[in-house]
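The structure appears below as structure tokens.
The values are calculated or read from the model by the stated rules, or taken from the named source; none is laboratory data. The structure displayed is predicted, hence computed values, not measured ones. Backbone-built Cβ (ideal geometry, glycine too); neighbour counts: all protein chains shown. Heads up: the accessible areas ignore ligands, DNA and RNA and are worked out on the full protein's heavy atoms, side chains in. Shrake-Rupley method; radii C 1.70, N 1.55, O 1.52, S 1.80 Å.
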Amino acid sequence: MLAASFQDTGRYQVWRDLQSAAMSIEVRAEKMAAGGDAIARMADGRVAFVRGALPNELVAIEVVQSKKDFVRAEVVDVIEPAVYRVVPPCPAHAAGCGGCTWQHVDAAAQLELKTAVVIEALKRTGRIIDPAVAVGASVPSWAYRTTLRLATGTDRLGLRGRHSHDVVELGGCPVSHPMLEELLAAIRVRGQGEVSLRVGAATGERSAWVVDGDVELLEVPSDVEIGPEAVVHEVIGGFRLQVSAASFFQSGPAAAELLLAAVREASGASFGAHTVIDAYGGIGLFASAVDGAHVSVVEGSAAACADAVVNLAGRRAKVVHSTVERWKPRRADLVIADPSRNGLGRQAVSVLCATEAARIVLVSCDPVSLARDAGLLRDQGYEHTQSTVFDLFPQTHHVEVVTTFDRQAP
């Protein structure tokens with residue numbers, strides 16, 4: 001009873017504030033790490049991965065996980081803020097949404113921070129002493145996404161919270177294309193699971209697909225196609241591309257345009273070479289732009305292969321439904337590879353190097369997996385030549401890198 005009466009007074013909150021202050025520790029953030037946290041040092045020498053901090057900031061932190069060699073912590077107060085720290089503008093972020101965890105970073109600074117993370121990974125994990133890394137371009141900071149994978153809430157769709165698996169329901173999403181944001185606001189759901197929404201910016205087409213769980217879609221606008229085979233179309237590099245709901249596509253057409261131009265530039269004269277392998281080729285984004293060469297698209301997704309067959313009709317192209325690891329390699333002049341966040345890995349590197357291509361252009365969406373792949377490729381005789389960093393996911397820590405590896409003479 002005494003404790004309960006104490007909690008009912010203002011003195012209880014004062015006591016809680018004092019307890020929190022006593023548990024917080026001040027650290028100076030040094031740099032950003034892959035994954036989006038800042039790196040700092042504890043007084044005992046352990047590395048601290050601090051969520052919400054930025055380089056050179058003095059912050060008060062609360063440790064949420066303590067290990068022998070490192071701790072994980074969260075910012076409870078920013079004592080000396082970085083010049084590029086801003087107030088997150090999205091109401092959902094304030095409600096705990098975990099979708100855009102870099103909204104506190106000024107948009108102009110995000111690409112530079114991501115580039116520094118890539119350089120550090122290539123040095124530390126890839127063991128490249130002085131990697132050649134260029135700062136590329138970024139898509140618009142807002143309204144760039146044409147696909148969202150969402151979780152079901154009470155009756156609306158949303159995203160998981162930053163600190164829990166709870167769903168923060170969304171009435172809108174400022175990184176989404178206006179047509180996607182409109183669909184997100186309109187649709188209602190019943191049940192538990194995950195739903196993918198997609199729009200075609202070039203055509204106005206929209207689709208919805210229950211990816212997982214037992215979900216009933218309600219109040220769906222009449223123009224929206226439903227199901228994994230629902231398609232939208234985009235125009236990238238002057239080519240009309242079919243994208244099924246179950247197929248992977250970049251964050252939006254602006255991202256696809258940037259990547260296509262970057263891969264073309266990284267490939268050099270090899271882009272029009274005699275034989276090109278487009279590994280993890282998806283719907284045929286890169287293969288669609290290859291002129292004159294014979295292209296083999298190797299892709300593990302049946303849905304993406306079906307799209308690629310449509311998108312590459314009439315071209316000198318072959319679509320192979322296979323994982324890269326199981327594909328039987330053949331000689332090629334150029335290899336383009338766009339794997340998932342896990343990267344190539346040892347087996348896929350061996351397969352692609354067996355093509356004896358003069359150049360491998362690797363599209364990576366994780367700095368650490370890029371660095372690991374760089375080491376594996378070096379062991380197979382391919383040297384890192386150049387990486388260019390792109391920001392295709394502003395307001396998040398995610399990064400895209402296009403890297404050239406050239407085969408060295410025996």
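Computed extension length for residue 261-residue 310: 15.4 nm, one decimal, from 0.36 nm per residue of separation with the Cα-Cα distance subtracted. Spin-label model, residue 86/residue 326: points 7 Å from Cα along the beta carbon direction are separated by 4.6 nm.
Could you give the angle, 0 to 90 degrees to the nearest 10, between helix 10-23's Cα long axis and the longest principal axis of the Cα atoms of the chain? Rounded to the nearest ten degrees, it is 50. Electrostatic bookkeeping for residue 178 treats Lys and Arg as +1 and Asp and Glu as -1; over the other residues with beta carbon under 13 Å from its beta carbon, the sum is 0.
Against the chain, whose longest principal axis comes from its Cα atoms, helix 302-311 is set at around 50 degrees.
Given their separation in residues at 0.36 nm each and the Cα-Cα distance between them, residue 341 and residue 41 gain 105.2 nm when the chain is fully extended.
Here's the picture: charge each Lys and Arg Cβ at +1 and each Asp and Glu Cβ at -1 in the chain, and of 58, 298, 348 the one pushed furthest to the positive end of that dipole is 348. Each listed q (0.10, 0.17, 0.18 Å⁻¹) maps to a log10 I(q)/I(0) for the range 45-158 from the Debye sum over equal C-alpha point scatterers, namely -0.43, -1.14, -1.22. Taking a straight line from the alpha carbon of residue 318, these lysines sit under 30 Å away, with near neighbours fewer than eight places off in the same chain left out: 328. Would the range 212-360 count as rounded, prolate or oblate if I go by the C-alpha gyration tensor, calling it rounded below 1.5 in a/c and otherwise prolate when a/b exceeds b/c, oblate otherwise? The shape class here is prolate. Antiparallel versus total DSSP beta bridges in the chain: what percent is that, nearest 5? The antiparallel fraction comes to roughly 65 percent. Net charge of the neighbourhood of residue 99, taken over other residues with C-beta under 11 Å away and scored Lys/Arg +1, Asp/Glu -1, is +4. Applied to the range 91-108, the Karplus parametrisation 6.51 cos²θ - 1.76 cosθ + 1.60 on θ = phi - 60° returns per-residue 3J(HN,Hα) values of x, 5, 4, 5, 7, x, 4, x, x, 10, 7, 10, 5, 7, 9, 4, 4, 5 Hz, with x for Gly and Pro.
Find the centroid of the Cα atoms in the range 229-277 and in the range 31-76, then give the distance between the two in whole Å. Answer, in whole Å: 38. Loop sites here are trypsin sites (Lys or Arg not before Pro) outside DSSP states H, G, I, E and B with no more than 12 other Cβ atoms within 10 Å. The longest part of the chain free of them is 128-325. Only helices enter this figure: runs of n ≥ 4 DSSP H residues, each worth -39500 (n - 2.57), summed and divided by the residues of the chain, yield -7000 deg cm²/dmol at 222 nm to the nearest 500. Think of a 1.4 Å ball rolled over the protein heavy atoms: the range 30-133 then has 50 Å² of accessible area per residue.
The gain in end-to-end length when the residue 274 to residue 69 segment is fully stretched comes to 68.6 nm, 0.36 nm per residue minus the alpha carbon separation. Applying both filters, DSSP loop and at most 11 other Cβ atoms within 10 Å, to the GluC sites (Glu not before Pro) of the range 211-292 gives 219. Per the Kirkwood formula applied to alpha carbons, the chain shows a radius of gyration over Rh ratio, Rg over Rh, of 1.02.
Across all C-alpha atoms in the range 136-269, the radius of gyration and Dmax reach 15.7, 54 Å. For residue 114, the lysines whose Cα comes closer than 25 Å to its Cα, not counting residues fewer than 8 places off in the same chain, are 31, 123. For residue 356 and residue 165, a Förster radius of 41 Å and the Cβ-Cβ distance give a FRET efficiency of 0.30, rounded to the nearest 0.05.
Once the mean 1/r over all distinct Cα pairs of the range 353-408 is inverted, what Kirkwood radius in angstroms do you read off?
Kirkwood hydrodynamic radius for the range 353-408: 11.8 Å.
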